[in-house]
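The values are calculated or read from the model by the stated rules, or taken from the named source; none is laboratory data. Treat the numbers as computed from the prediction; the structure is a model and nothing was measured. No Cβ is skipped: glycine too gets one built from the backbone with ideal geometry, and neighbour counts run over all protein chains shown. The protein model used for the area step is the full one, side chains on, heavy atoms only, and it has no ligands, DNA or RNA in it. Shrake-Rupley method; radii C 1.70, N 1.55, O 1.52, S 1.80 Å.
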Amino acid sequence: MSDVLLEQVFRDLQSRGFKIVERLSDSMFVAEKKDKYLFYVMVEGVEITIQTLLSVINMGETLSMPAVLALVSNDGTATYYFVRKIRLPRNVYAEAI
């Protein structure tokens, strides 16, 4: 993850009233606006594993803060998505449509 891309997300969040609290890795940081949020920066078209996504969500749960994906599009626009785990009830079957 380039520092330029991360700085772009930082500036966008700061323009929305967030304060960057702590950088945890090349693509993960904590930001605050009343509450604290764990952000993970992704780039459009660059795949990540489900395990990576789960570890981001688990870290958010461990730190007691919502996990947010910051998806940066090819034109540089950042879009933010809350992510969390859900548990499906047992014996749920999907049928072909």
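Residues that are exposed (fewer than 15 other Cβ atoms within 10 Å of the Cβ) and polar (S, T, N, Q): does segment 24-42 have at least one? If you could, list the steps in order and put the result at the bottom.
Of segment 24-42, the ones exposed (fewer than 15 other Cβ atoms within 10 Å of the Cβ) are 24-26, 33-35.
Those left that are additionally polar (S, T, N, Q): 25.
Yes.
Please go through segment 39-54 and give me each residue that is among the hydroxyl-bearing types (S, T, Y) and in a loop (DSSP other than H, G, I, E, B), ordered by number.
Taking segment 39-54 first, the residues among the hydroxyl-bearing types (S, T, Y) are 40, 49, 52.
Residue satisfying the conditions is T49 alone.
On the given criteria, is G17 touching a Lys or Arg at 6+ places or on another chain (Cβ under 7 Å) and open to solvent by 40 Å² or more (accessible area, probe 1.4 Å)?
Values: touching a Lys or Arg at 6+ places or on another chain (Cβ under 7 Å): yes; open to solvent by 40 Å² or more (accessible area, probe 1.4 Å): yes.
Judged against the criteria, G17 is a match.
Any chance you could count how many residues in segment 58-97 are open to solvent by less than 100 Å² (accessible area, probe 1.4 Å) and not aliphatic (A, V, I, L, M)?
Total meeting the criteria: 10.
Any residue in segment 35-57 that is in contact (Cβ under 8 Å) with a residue 40 or more places away in the chain and over 20 Å from R84 (Cβ atoms)?
Yes: segment 35-57 contains one or more residues that are in contact (Cβ under 8 Å) with a residue 40 or more places away in the chain and over 20 Å from R84 (Cβ atoms).
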